[in-house]
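What follows is a short report on a single structure.
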Amino acid sequence: MKRIVILGGGTGGTLVANRLRRAYRPGAVEIVVVDRDGDHVYQPGLLFVPFGLASTRRITRPRWRQLRSGIVYCQASIDHVDVEHDRVHFGGAGHSLDYDVLIVATGARLLPEETEGLTGPGWQKNVFTFYTLGGAEALRRALEEFGGGRLAVNVVDMPIKCPVAPLEFCFLADDYFRRRGIRDRVDLTYVTPLDGAFTKPVASRELAGLLAAKGIELVTEFSTGSVESSGQPGEAGRLVSYDERAVPFDLAVVVPLHGGAAYVDRSPGLGDELGFVPVDPHTLQAKVKPNVFALGDATDLPASKAGSVAHFEGEVLAGNVRRFLAGEQLAASFDGHANCFIETGRGRALLIDFNYDTEPLTGHYPGPVGLPLLRPSRLNHLGKLAFQPLYWHGLIRGRDIPGISPAMPARGKNLPAPVSPGR
Amino acid sequence: MPTVTYAGHDVTVNDEGFLTDPGQWTEEMAPQIASAEGIGELTPRHWQVIRFMRAQYQAKGTGPTVRVLGKTSGVTVKELYQLFPKGPAKVAAKIAGIPKPRGCI
């Protein structure tokens with residue numbers, strides 16, 4: 001019997017395991033999911049924890065319970081993958097597992113220690129991140145005690161998970177301080193390495209407009225070299241860029257550098273310089289060997305590191321694993337499709353939908369009658385809230401969601417006029 | 001596309017000044033491009049980065065980002081900013097005659 005080993009039981013790993021389980025007769029293949037811990041976190045929920053709008057308990061469920069029966073779940077830390085001999089080695093007692101197909105779905109790892117001073121005396125005192133359960137919870141307590149001053153939200157460098165999340169944090173912080181009646185005592189600054197609010201021009205303009213309308217200062221092309229903070233109460237800290245600009249803060253919310261999982265670095269040939277796995281952008285087959293695939297945040301693709309991408313990739317990838325095992329040609333059908341709800345505060349949200357070739361545009365999704373794109377709306381906010389049950393019961397269970405296909409829909413979008421031939 | 005003359009050769013560049021055809025580039029052009037970017041003299045450390053950028057582009061079809069440069073070129077990010085104060089990946093790519101490194105999303 002062929003064995004498919006899936007490393008990582010998060011969004012991508014879980015939904016691919018469940019899709020493959022449904023695709024084969026019981027007993028036709030062995031599917032093993034490996035993860036180092038037992039907690040599946042609904043990561044979009046982390047954004048809401050610092051503002052008391054979600055609890056860490058409500059966004060966490062056991063990993064094994066999300067897997068369909070017939071899938072083997074193995075909790076173990078991975079030492080390295082021996083790509084040449086099709087074998088995963090585990091830490092500790094020297095156990096290993098052979099595979100016919102390997103799927104890397106171990107996501108991205110936060111690397112706060114790679115930025116000078118970030119994990120220094122101020123870490124978890126006046127310097128926080130909301131990208132972990134512990135960090136989001138600690139930040140919630142710090143925000144409760146924050147009575148005014150300078151709050152800097154900083155992205156150290158790309159790529160990061162959910163590139164819109166730090167912007168959403170700014171919008172929700174504006175809302176939060178307003179509700180507490182102290183917005184006029186808080187200076188909010190968004191400090192980004194990009195040359196605008198976001199990576200893609202149309203969305204960048206819209207989002208910069210929203211920042212300005214909410215009185216949030218935007219500092220661009222800021223390549224964070226170090227974070228200076230004594231951690232002493234009442235003492236300010238500074239973000240310092242490599243070109244020696246400084247942004248002072250009383251409270252800093254920093255999104256640290258990201259890299260691939262640590263075992264990728266220990267697995268010869270598997271990852272790139274940052275530990276992400278190079279894959280074909282359309283088939284998701286790894287460049288290192290034909291029986292290795294990857295999806296989600298773990299890949300080197302120029303797509304967002306977001307759950308929606310893992311979802312759209314999952315359908316293509318599960319089909320390609322089947323084709324590979326059957327000796328058929330792979331389908332080169334993944335188009336880089338991503339979509340995200342962007343909370344803009346006051347019970348509204350934007351929706352963006354894009355792929356490798358088409359930037360986020362205005363219009364409606366998934367067709368002319370649908371959710372408004374790139375425009376704050378109550379409907380989008382409700383969509384974002386409604387998404388969590390859909391995530392647990394539909395998306396990661398490997399079910400198709402009616403009307404939502406992996407390929408990006410062009411219908412409903414205000415596409416730019418085609419360039420006339422000859423130009 | 002504008003045409004400019006570096007080291008006596010006409011080359012085409014895009015709106016941001018990056019060579020559109022890396023094949024047109026020669027090492028003799030580098031000091032002139034650098035000087036337009038405010039870099040007076042190219043030291044051996046500059047050249048280490050420029051040659052590394054060229055090699056990476058030839059191997060991978062895209063220039064490395066600052067972070068990858070810092071990890072793999074043998075020059076730290078801090079020193080990269082001292083060598084190319086206006087942004088190492090972008091400026092070094094321009095001097096090396098390769099396209100602007102693809103940003104992440």
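All of the numbers you see were taken from the coordinates with simple rules; none came from a lab. These numbers were taken from a predicted model, which means no experiment stands behind them. Note that we place each Cβ from the backbone using ideal geometry, even for glycine, and neighbour counts take in every protein chain shown.
Tabulated data for the structure shown
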{"quantity": "Rounded to whole Hz, the Karplus (6.51, -1.76, 1.60) HN-Hα couplings of segment A:18-24, x for glycine and proline", "calculated": "5, 5, 5, 4, 6, 7, 10"}
{"quantity": "Long-range amide H partners of A:ALA294 with built H, under 5 Å", "calculated": "A:VAL104, A:ALA286"}
{"quantity": "Unit charges at the beta carbon, dipole of segment A:222-350: most positive-side option, A:THR344, A:ALA331, A:ALA236", "calculated": "A:ALA331"}
{"quantity": "Shielding by partners - mean other protein chain Cβ count within 10 Å, residues of A:274-280", "calculated": "1"}
{"quantity": "J(HN,Hα) series, segment B:16-32, from Karplus relation 6.51 cos²θ - 1.76 cosθ + 1.60, nearest Hz, glycine and proline x", "calculated": "8, x, 7, 4, 7, 10, x, x, 6, 7, 10, 4, 5, 6, 4, x, 5"}
{"quantity": "Distant-in-sequence amide H partners of A:LYS2 (H built 1.01 Å from N, under 5 Å)", "calculated": "A:GLU30"}
{"quantity": "13 Å beta-carbon shell around A:GLU235, net charge (K/R +1, D/E -1)", "calculated": "+1"}
{"quantity": "Counted charge near A:SER405, where neighbours are those whose Cβ lies closer than 15 Å (Asp, Glu -1; Lys, Arg +1)", "calculated": "-1"}
{"quantity": "Virtual paramagnetic centre 7 Å along Cα→Cβ of B:VAL68, amide N under 12 Å, in segment A:248-290", "calculated": "A:272-279"}
{"quantity": "Label-to-label distance, nm, for residues given as A:ARG378 and A:ALA326 (7 Å Cα→Cβ offset)", "calculated": "4.8"}
{"quantity": "Amide H partners (placed H, <5 Å) of A:LEU351, local residues excluded", "calculated": "A:ILE342, A:LEU374, A:ARG375"}
{"quantity": "Eligible aspartates and glutamates near A:LYS125 by straight Cα distance, threshold 18 Å, same-chain separation 8 or greater", "calculated": "A:GLU113, A:GLU116, A:GLU137, A:GLU144, A:GLU145, A:GLU228, A:GLU235, A:ASP250"}
{"quantity": "Added length on full extension, which subtracts the Cα-Cα distance from 0.36 nm per residue, A:GLU359 to A:ARG179", "calculated": "61.4 nm"}
{"quantity": "Averaged over A:153-159, number of beta-carbon atoms from partner chains that fall within 10 Å", "calculated": "2"}
{"quantity": "Exposure proxy order (Cβ contacts within 10 Å, fewest to most) of A:HIS95, A:HIS85", "calculated": "A:HIS85, A:HIS95"}
{"quantity": "The protein assembly as shown: C-alpha gyration tensor shape, a/c 1.5 cut-off, then a/b vs b/c", "calculated": "rounded"}
{"quantity": "Long pairs among A:LYS214/B:LYS78; A:LYS384/B:LYS86; B:LYS60/B:LYS86, criterion Cα-Cα beyond 28 Å", "calculated": "A:LYS214/B:LYS78; A:LYS384/B:LYS86"}
{"quantity": "FRET efficiency for A:THR119 and A:ARG22, using Cβ-Cβ distance with R0 set to 60 Å, rounded to 0.05", "calculated": "0.90"}
{"quantity": "Backbone N under 20 Å from the A:LYS287 label point (7 Å along Cα→Cβ), restricted to segment A:295-312", "calculated": "A:295-305"}
{"quantity": "Protection-proxy order for peptides A:240-249, B:83-92, each taking the mean of Cβ atoms within 10 Å per residue, highest first", "calculated": "B:83-92, A:240-249"}
{"quantity": "Estimated FRET transfer efficiency when R0 is 35 angstrom, pair A:ALA213-A:ALA386 (beta carbons, to 0.05)", "calculated": "0.85"}
